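Notes to accompany the following structure.
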Amino acid sequence: MASVELEGLELRYPNGVQAVRGLSLAVADGEFLVLLGPSGCGKSTLLRLVAGLEAPDAGEIRIGGERVNERPPQRRDVAMVFQNYALYPHMTVRANLAFPLRMRRLPRAQIARRVQDTARALGLEALLDRRPGELSGGQRQRVAMGRALVREPAVFLMDEPLSNLDARLRLQVRGEIAELQRRLGVTTLYVTHDQVEAMSLGQRVAVLRAGTIQQLGAPERLYERPANLFVAAFLGTPPMNVFRVALEGAGSAPVLRLGAARVPVPALAAAPAYAGLRPEAFRLAARYPELPAVEVRAAVVERLGPEQVVWFDAPAAAVDPLAAADTPAPRMAARLPPAPALAPGESLDLAFEPAAVHWFDAGGRALARPGT
Amino acid sequence: MRRTLTTGLRHAALLVSAAAFLAPVAFLVVGSFKPEGRILADAGSWRAFFPAHWTLDNYRDVFARVDFVRFLLNSLLINGAMVLSGLAVNSLAAYALARLRWAGRPFVLGLVLATLVVPFEAIAVPLFYGLSAIGWRDDWSVQVVPFVANPLSIWLFYVFFAGLPRELEEAARVDGAGVLRTFLTVVVPNARAAFATVAIVTLLFYWGMYLWPLLMTAGPHARPLPLAIATFYTLPPLRWGDILAFGTLMVAPVLLLFILFQRAFVRGVAATGIKG
Amino acid sequence: MSGAARRAPGARREAAAGLLFALPALLGLALFVLGPFLFAVAVSFTDLHLGSPLPVHFVGLRAYRRLFEDPVFLRALVNNAGFALVVVPVQTAAALALALLLDRPSRLRGLYRTLFFMPVVFPLSLVSVVWVLLYAPGPEGTVNALMHWLSLGHWRARDFLHDPALALPALMLTSVWQGLGFQMIVLLAGLQEIPAERYEAARVDGAGAWARFRHVTLPGLRNPLVFVVLITSVLAFRLFDQVRIMTHGGPDYATTTLIYEAVRAAFDRGNVARGAAISVVFFVVVLGVALVQRRLVRERRELA
């Protein structure tokens, strides 16, 4: 068991892509930390840096307080689960599990015992003499986990370990991983692009974009207090509705305008340029007459069972924060209770709590709401 | 109707071609069992391919006239050493080129690509001068060492290694294996097809080599089979039966090998053609 | 991947391992391919005589000038070129024809493939000796008898290997017999890489057998075909074993070749410069053929 500290890491690939820039991160001993981000954000590279499969151009990597930059992978005491599992196809499951122990020259009897224990813990006992080619996807995934676990490593690295499983199995294995990690208490770095995986597994989640950490914190904190537009938009489906804040009247205080609704801008650290509303912040105005409301026309209605998602033409200058600067977003979304059922073309009044509005400055940074 | 006709024509064409390809081989094998007097006499008729009288005299003659076993052992030693050392040397080099980061990599890769187009015949005579000057000739090692490093073998291995998923080796590194260990325990077992291809292609291209032993050997003691059949042919008296027996004896093991590992041969040749 | 700022973990070990792994092959290629070639180029510009006590002089292109004034050498070049001009198209077409005949599932395919490929595992020296016998002069010689039968009795028995007009063609036939199977296997593998849907699409689009061959098979076979043409051309210029065993370059230099002349020079110990110069000329010819092939393949890729 060990903590992992990354300090000022830089990595530029020979093709000029800056995969990691000035990145620092501390993972506590025993913590489960998820690296979340879109593809190409540098999250897998970060994992490979910790494993020793890549070398940083600058910065320091410490495991258990010791600098490991110069150590090759085999001398870092980390175990890794690869996206495609990377099981050795010419070896049986038993030999795959034994391989890392053989490399450490453990006595035979001890290897056999630990392989047996790991196999039992993961329900692999019946498969020990099969080769990876004879296993199902779920079984292979389990062997890959076993090969990492059997070493009792100081740090556990997982690179999208669930992405090759079908939806059902993913749900099941996700639960198993969470339980396993809680039981063993191994420091774990887990890479994924799936926000549900990140939110459900991570004690803390680091959201990455373009090689930098956008925000680091507990999952619910990221959702409720996104540090910037990127995090706000990346977490949540459908994503947060973001639109420009308009100034109304010369010299007067800025006002948020959404269709006919007017919301005075509260006292903030700086002038807001963007405002955001999560789709679930909307409700049907009929039941909340005291709230500001906006009349919209439903364009698409997705009936999802426990809720319905209504897409409507944006009544304000909406933007897509995940795209390049200020790309207009034609539609906004609202998540509403399943009843009353709405139909496309129907017009409806949507109300929202002024306190639910997220405020961002011109650079996309979140502005603290009054009272928080 | 039309379909049966074309199918019939196709089979006829195949049959005639097969006969043309088989005839010289049959001529060789059948002739080796004929009495000397019948060989030329039968050569112009169907009897060339069907012996009326079987005899083993020619085979007895071969062993009486020359040291066939020595030639066979020479060939086995030369080709065995060439293939085995070639597999080791070229696979290691290809792995270094395909996967490892080191300073001379682009230079060596360039050298391999440049030498890939140089046929041995362009080198044979200058190399003959050079090796003669230092007095290295007329033994089995001079027929092996110059052929161990082989650009085609390196290239075939290189293409194969470059196509292997990297994750496997990375997993081995994380699991605690060093570079050589990773190569031996993870890469080699998954590259058996490449090793078979390279072994077969090496054998196919080099076992019949005639020019080099002709230049480099003087007496019979280091003479391999392909040169031995040619010198046997010029050894008076000219007895065709003996020559055909010698020829049959020398190709029999290779033909057997070919028939046993036919698929691997075909795969090897196809790989050379498609990746070469 | 290198760079002063960047030190991969274990980079020094990896760099050492890389060099160490490649070292034996590097030494081999340098000593036995690059070295002799550079030696040949250098020596071809001198008057070096093995065993001669005289000092060595740089004599420029003298060896090359002598070569290109030598009718025997020029004859060798012509022979090689003629051999290539006949054997390359004939052998490629025949190999393609056989490959096409075999490119459909059949129980006998494996057997045929084995038969056609069998001569490839025969050493050329053995093939040459056997064909000397097949070309036996007189009406009882196998090839003579076959020609007699095919021509319905009009063929007069000839001494192929001693006839200036027939000796080179006789070597060609022998070479085609021995080498055809190799090309056939390469082309058959190429044919099997062409997806069946492409033929089906052409059929649906109304293409007949010829159109399918012309617009699906040939374009799909482009690279294997270029490869086959390349190695057959190079093979034509490497021609040696058959010449040395079957005709000794005769009659009257009708079958002498570049390599045959190079080896003659090698055995004539004084003529180091000539042997070296022929090797260089041979190399240049082969390089030219290879460059043409590269060009052909690249152009295709640009078009695609």
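Some points to look at:
- Taking first residues from the range C:154-183 that are under 13 Å from residue C:144 (Cβ atoms) and partners that are part of a helix (DSSP H, G or I) and not aliphatic (A, V, I, L, M), the Cβ contacts under 6 Å between residues at least 6 apart in sequence or on separate chains come to C:155/C:148; C:157/C:144; C:161/C:247; C:166/C:160; C:170/C:160.
- Residue within the range C:142-151 that is exposed (fewer than 15 other Cβ atoms within 10 Å of the Cβ), free of Cβ contacts under 8 Å to residues at least 40 places away in the same chain and more than 13 Å from chain B (Cβ to nearest Cβ) present: yes
- Residue check for residue B:84: within 24 Å of residue B:195 (Cβ to Cβ), among the hydrophobic types (A, V, I, L, M, F, W, C), surrounded by fewer than 17 Cβ atoms within 10 Å (Cβ to Cβ) and under 18 Å from the mean Cα position of the chain (by Cα): yes
- For residue C:18: the one exception among (1) touching a residue at least 40 places away in the same chain (Cβ under 8 Å); (2) over 30 Å from residue B:134 (Cα atoms): (1)
- When the range C:126-140 is filtered for residues that are buried (at least 21 other Cβ atoms within 10 Å of the Cβ), within 7 Å of another protein chain (Cβ to nearest Cβ) and touching a Leu at 6+ places or on another chain (Cβ under 7 Å), the ones remaining, listed by number, are C:130, C:136.
- Taken over the range B:40-70, residues that are in contact (Cβ under 8 Å) with a residue 12 or more places away in the chain and away from chain C (no Cβ under 12 Å) amount to 17.
- Which numbered condition residue A:11 fails, given (1) more than 23 Å from residue A:204 (Cβ to Cβ); (2) crowded, with 16+ Cβ neighbours inside 10 Å; (3) aliphatic (A, V, I, L, M): (1)
- For the range B:177-201, the set of residues classified as in contact with a Leu (Cβ under 8 Å, 6 or more places away or on another chain) and over 14 Å from residue A:91 (Cα atoms) consists of B:179, B:183, B:194, B:195, B:197, B:198, B:199, B:201, listed by residue number.
- Residue check for residue A:102: modelled with pLDDT under 90 and under 29 Å from the mean Cα position of the chain (by Cα): no
- Flag for residue B:253 being out of contact with any strand residue (DSSP E or B) (no Cβ under 9 Å at 6 or more places or on another chain), facing chain C (nearest Cβ under 9 Å) and not aromatic (Phe, Trp, Tyr): no
- Within the range C:98-107, not a single residue is touching a Gly at 6+ places or on another chain (Cβ under 7 Å), surrounded by 16 or more Cβ atoms within 10 Å (Cβ to Cβ), within 30 Å of residue B:259 (Cα to Cα) and within 8 Å of chain B (Cβ to nearest Cβ).
- Counting residues in the range B:51-69 that are over 31 Å from the mean Cα position of the chain (by Cα) and in a helix (DSSP H, G or I) gives zero.
- Residues of the range B:118-133 satisfying the condition of being closer than 20 Å to residue C:235 by Cα and more than 7 Å from every other protein chain (Cβ to nearest Cβ): B:120, B:124
- The single condition among (1) more than 24 Å from the chain's Cα centre (by Cα); (2) part of a loop (DSSP other than H, G, I, E, B) that residue A:323 does not meet is (1).
- Members of the range B:88-114 found to be crowded, with 21+ Cβ neighbours inside 10 Å and within 23 Å of the chain's Cα centre (by Cα), listed by number: B:89, B:90, B:91, B:92, B:93, B:94, B:112
- Put simply, of A:5, A:10, A:31 the only residue that is closer than 30 Å to residue A:123 by Cα and of a type outside the set (A, V, I, L, M, F, W, C) is A:31.
- Residue A:121 vs. criteria modelled with pLDDT of 90 or more, assigned to a helix (DSSP H, G or I) and among the small types (Gly, Ala, Ser): no
- The single residue among A:185, A:211, A:217, A:202 that is more than 19 Å from residue A:42 (Cα to Cα) and small (Gly, Ala, Ser) turns out to be A:185.
- For the range C:156-179, the tally of residues that are assigned to a loop (DSSP other than H, G, I, E, B) and out of contact with any Leu (no Cβ under 9 Å at 6 or more places or on another chain) stands at 6.
- Residue among A:75, A:140, A:71, A:94 that alone is at pLDDT 90 or above, assigned by TED's automatic domain parsing to the domain that holds residue A:194, charged (D, E, K, R) and farther than 21 Å from residue A:163 by Cα: A:94
- Take the conditions (1) facing chain B (nearest Cβ under 7 Å); (2) free of Cβ contacts under 8 Å to residues at least 60 places away in the same chain; (3) hydrophobic (A, V, I, L, M, F, W, C); residue C:37 misses just one of them, which is (2).
- From the options C:216, C:292, C:280, residue that is assigned to a helix (DSSP H, G or I) and either within 11 Å of chain B (Cβ to nearest Cβ) or hydroxyl-bearing (Ser, Thr, Tyr) (or both): C:280
- Scanning the range A:53-84 for residues that are farther than 19 Å from residue C:13 by Cβ and either at the interface with another protein chain (Cβ under 8 Å from one of its Cβ atoms) or among the charged types (D, E, K, R) (or both) turns up A:57, A:58, A:60, A:62, A:66, A:79, A:80, A:82, A:83, A:84.
- Positions within the range B:161-209 being surrounded by fewer than 23 Cβ atoms within 10 Å (Cβ to Cβ), away from chain C (no Cβ under 12 Å) and either of a type in the set (A, V, I, L, M, F, W, C) or within 21 Å of residue B:269 (Cα to Cα) (or both), in sequence order: B:162, B:163, B:164, B:168, B:188, B:190, B:191, B:192, B:193, B:195, B:196, B:199
- Only strands (runs of 3 or more DSSP E) whose full extent lies in the range A:168-262 are considered here, and the ones with at least 3 residues that are under 19 Å from the mean Cα position of the chain (by Cα) are A:187-192, A:204-209, A:212-217.
- Every pair of residues 6+ apart whose Cβ atoms lie under 7 Å, when the first sits in the range B:220-238 and is facing another protein chain (nearest Cβ under 8 Å) while the second is buried (at least 16 other Cβ atoms within 10 Å of the Cβ) and not in a helix (DSSP H, G or I): B:226/B:208; B:226/B:209; B:226/B:210; B:226/C:123; B:227/B:210; B:227/B:217; B:230/B:210
- Any hit, the range C:188-200, residues being within 14 Å of chain B (Cβ to nearest Cβ), free of Cβ contacts under 8 Å to residues at least 60 places away in the same chain and over 30 Å from residue C:127 (Cα atoms): yes
- Scanning the range B:117-134 for residues that are at pLDDT below 85 and exposed (fewer than 15 other Cβ atoms within 10 Å of the Cβ) yields a count of 1.
The values are calculated or read from the model by the stated rules, or taken from the named source; none is laboratory data. Predicted model, so just to flag it, every value in this text is computed and none were measured. Ideal geometry is used to build each Cβ from the backbone, glycine not excepted, and the neighbour counts take in all protein chains shown.
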